[in-house]
1. How far is it, in nm, from the label point at B:Glu310 to the one at B:Glu6 when both lie 7 Å from their Cα along the line to the Cβ?
2. Only helices at least 20 Å long along their axis, Cα-based, and averaging 0.0 or more on Kyte-Doolittle count here, so list those DSSP H runs from chain A.
3. Could you bin all the Cα-Cα distances of chain A into 20 Å bins starting at 0 and give me the percent of pairs in each, rounded to whole numbers?
4. Please report the net charge: other residues with Cβ closer than 13 Å to the Cβ of A:Ala41, K and R +1, D and E -1.
5. Among the listed pairs A:Lys212/A:Lys292; A:Lys145/B:Lys52; A:Lys428/B:Lys173; A:Lys428/A:Lys510, which are separated by more than 29 Å between their Cα atoms?
6. With Kirkwood's inverse mean 1/r over C-alpha pairs for Rh, give me the Rg to Rh ratio of the protein assembly as shown, two decimals please.
7. Cα centroid distance between the stretch B:111-161 and the stretch B:413-428, in Å?
8. Cα-Cα pairs above 19 Å in the stretch B:123-180: how many percent?
Amino acid sequence: MSQNAEKVLDHFNLFREPEYVELFENKRKEFEFMPPDEQVAEIREWTKTEEYKEKNFAREALTVNPAKACQPLGAVFAAVGFEGTIPFVHGSQGCVAYYRSHFSRHFKEPTSCVSSSMTEDAAVFGGLNNMIDGLANTYNMYKPKMIAVSTTCMAEVIGDDLNAFIKTSKEKGSIPAEYDVPFAHTPAFVGSHITGYDNVMKGILQHFWDGKAGTVPALERKPNESINFLGGFDGYTVGNIREIKRIFNLFGIDYTIIGDNSDVWDTPTDGEFRMYDGGTTLEDTANALNAKATISMQEYCTEKTLPFIAEHGQEVVALNHPIGVAGTDRLLLEIARLTGKEIPAELEKERGRLVDAIADSTAHIHGQKFAIYGDPDLCYGLAEFLLELGAEPTHVLATNGSKAWAEKVQALFDSSPFGKNCKVYPGKDLWHMRSLLFTDPVDFLIGNTYGKYLERDTGTPLIRIGFPIFDRHHKHRYPVWGYQGGLNVLVWILDRLFESIDANTIIPAKTDYSFDIIR
Amino acid sequence: MSLTVEQVKQRNKDLIKEVLEVYPEKTAKRRAKHLGTFEEGKPDCGVKSNVKSIPGVMTIRGCAYAGSKGVVWGPIKDMIHISHGPVGCGQYSWASRRNYYIGTTGVDTFVTMQFTSDFQEKDIVFGGDKKLEKIIDEIQDLFPLNHGITVQSECPIGLIGDDIEAVSKKKNKEYNGHTIVPVRCEGFRGVSQSLGHHIANDAVRDWVFDKAGDKHPEFKTTPYDVAIIGDYNIGGDAWSSRILLEEMGLRVIAQWSGDGSLAELENTPKAKLNVLHCYRSMNYISRHLEEKYGVPWVEYNFFGPTKIAESLRTIAGYFDDKIKEGAERVIAKYQPLMQAVIDKYRPRLEGKKVMLFVGGLRPRHVIGAYEDLGMEIVGTGYEFGHNDDYQRTTHYVKDGTLIYDDVTGFEFEKFVEAVQPDLVGSGIKEKYVFQKMGVPFRQMHSWDYSGPYHGYDGFAIFARDMDMAINNPVWGLAKTPWKKAA
């Protein structure tokens, strides 16, 4: 017995004690009938080979460890960015439990979202009654300012029509006739979470701008000088949106953040639970029609929303997760161009500080090879920053990346000598990445929490940037956009790099001659 | 100032009334049946259960897929579990349950991986059977040491009429009897994850037991063989349980399903006794093992020294004196550790009030562990319990305990606000709500990344964690000094 009350051992150490080690050995020997060790070792080595990689890349049907989630998750992400809004997911209730858990694990915050709890009878007869009752319950219980409806694969397969259902619910008196219930169909078998963000964002704008599903006249655009801002699905939304607000405020311009979820996922612990906090007001959402232009930080996350906005008479600007100097330069130049304002001196100074930081540290990063995976825009932004740092983004992989995205990333590679040996992988998953890391190794891997399995299997040090991050805390509170954000990303990369150098030089009397205190 | 039992009952009644007033009439009527107060002497907790959740409320429940893939099948380590359908379900359940296991992931074990058919629109239109066949071929090609494959159906599979049984049979033949198990656990089936547990159990019966034959002739039984059923090895729970059974002289031939392997499943009918921890999720297969193979089963509870000792003696009661003496020896061996744990933590936790809301067995089973620390359960309820769970709960709860079945987020907040417990034990979706309110919280599904909590080794961790949650300095910081003064 190793446990003791004075120094309680939990799973980290308890199971290394001899009695447990013996228990594991006996279990394996007597009952598990697992393959012999030699065979396991042999197959493990085989999975590292070029031959295995070819087999792996020949896969046509199986997906293993994908770096993407489904549309409805993005739908919830977009909806909670509006003032007093509760997302209502029409479909089976288990999905909502998953979305809520997923966001809570990443942001360490509650996520409020309801479901119409469809079961077998709804599968047979359709989910209309679930919608009628559900909207009434949500409206009475949670007193939201708005209910944003989206779907799951179940509701989509049986063909439930949200527009008709919401209309009928209003006729039946579940909710007042004039109550705002924007909606979007978000089938889980089309696209990914970024598609869901796009559909709901468009659905909400459409609701307010195009006459609330035919119940009021469409708004008439009265152009003003304001700028709209769309963040896209972004694991750093808390830090990023606040940083963008700071930048806009420094410019001194009118702006609307459309879908501002920076407060709802960063509520204080002060004795009160805020189900709703912050968010874009419904009034601002409607007025956003009048803005001069809309800037999207993520082109591939707003593929339908941006054209919809453009059709309504505004200029639209699509960026790709601007991380680093050039990315931020583009953002600021666009803001300056659109508003006619000068770039604030303070931001210029920040730029110089980021360049200074890069100059101080670039020698360590120069020529290092990186593998990156994540959402298409994030991958692009990171790859661009790495090229700026003199690093080589050797493998860039997005499970939800399109051909067009791949072409754009290739063009980015072509624009820099550091991109010469780099390759882009649209539609591939993390098991493909595993093969790449074995057959064409890199120095560092950048990705979300799931990358820790790749780090373990291939020994490639992981820098955690992406969504979701479950196993490290509070990263989402820091921006990755703007010059300040670039500095954060630079520091995260450097920290991991120096840790790796230290770990590599730590053996006394063998490698520790390079165990330096000054770097 | 503590209330009398009668005052507590009146308060609960008022509280329930107040909560129901917010709902539309039809909903209030339905929800009223799920909320109540335990009356001593009654055969159950007096609430309705295992009924559909109401649309539009924030139910904490999951779905049948979550019950099958996330709980029962997913932890079987040497099999590959395909999340068959769109990408999401597999992604959200990917390694989120801490079912610890030992193995070389990606080579001979696969629990912390996500295999999916990643359905696209064309699969919905044309059906996914052909794709499933190809997926099984690719799995066989790329993961040759897998011992079996399960097909965990997501919602669309049943709706579009795919024949995963036919595909499984065909591929089973093609791969010389390789175990391939179709599981009809579409998320819309039933009212919660509970039906998924049942469906998963039935799939073990039909596709593992019935087809196992004499697959392991080298396996020799002894009179002391038992199987652990219904322990998912969260944070190593099944290991800190297994060690006690082995110390008392039993031989644990199988673990279900945390750290379990297909061979263990196949050999379970040869056990002399099945010891069942999570009654809710695995009573079905335990009953089947009794009916078909004559293996008796007994429930046990390894939370807290009182219940552990009771359980060890109950289990030993099925065996001879050697095992009975073994149980006494084990109880005596750990007694000093338990005393030291209680001596250390009880003074810090005495009299603290706890509200629980969990799944499976925990709304009742953990009560004993809290009581060992001098704590009191003032409210409890099941996410997906059935009537028999509420019957079993009467042995654990005190007169006047607030009971809430399938509690909604709204009700739970109101109850906690009014009752003001010192600790809430529930899941990740609830955790941050209550912490914002300044109420200490522990995740009683996943032990907040700590654990194990089962067994004697686990109780020390449980006690430490409860102290760490309740007596954490952070709760004293929640209110600003200026508002405190005001």
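The values are calculated or read from the model by the stated rules, or taken from the named source; none is laboratory data. As the structure is a prediction and not an experimental result, all values here were calculated from the model. Methodologically, a virtual Cβ is constructed for each residue, glycine included, from the backbone with ideal geometry; neighbour enumeration extends over all protein chains shown. These accessible areas exclude ligands, DNA and RNA; they are computed on the full protein's heavy atoms, side chains included. Shrake-Rupley method; radii C 1.70, N 1.55, O 1.52, S 1.80 Å.
1. 2.9
2. Both cut-offs are met by A:237-251, A:325-339, A:482-504.
3. Result returned by the calculation: 20, 50, 26, 4, 0.
4. With Lys, Arg at +1 and Asp, Glu at -1, the neighbours total -3.
5. Checking Cα-Cα distances, A:Lys428/B:Lys173; A:Lys428/A:Lys510 exceed 29 Å.
6. 0.96
7. First find each Cα centre; the distance between them is then 41 Å.
8. Value for the stretch B:123-180: 27 percent of Cα pairs lie more than 19 Å apart.
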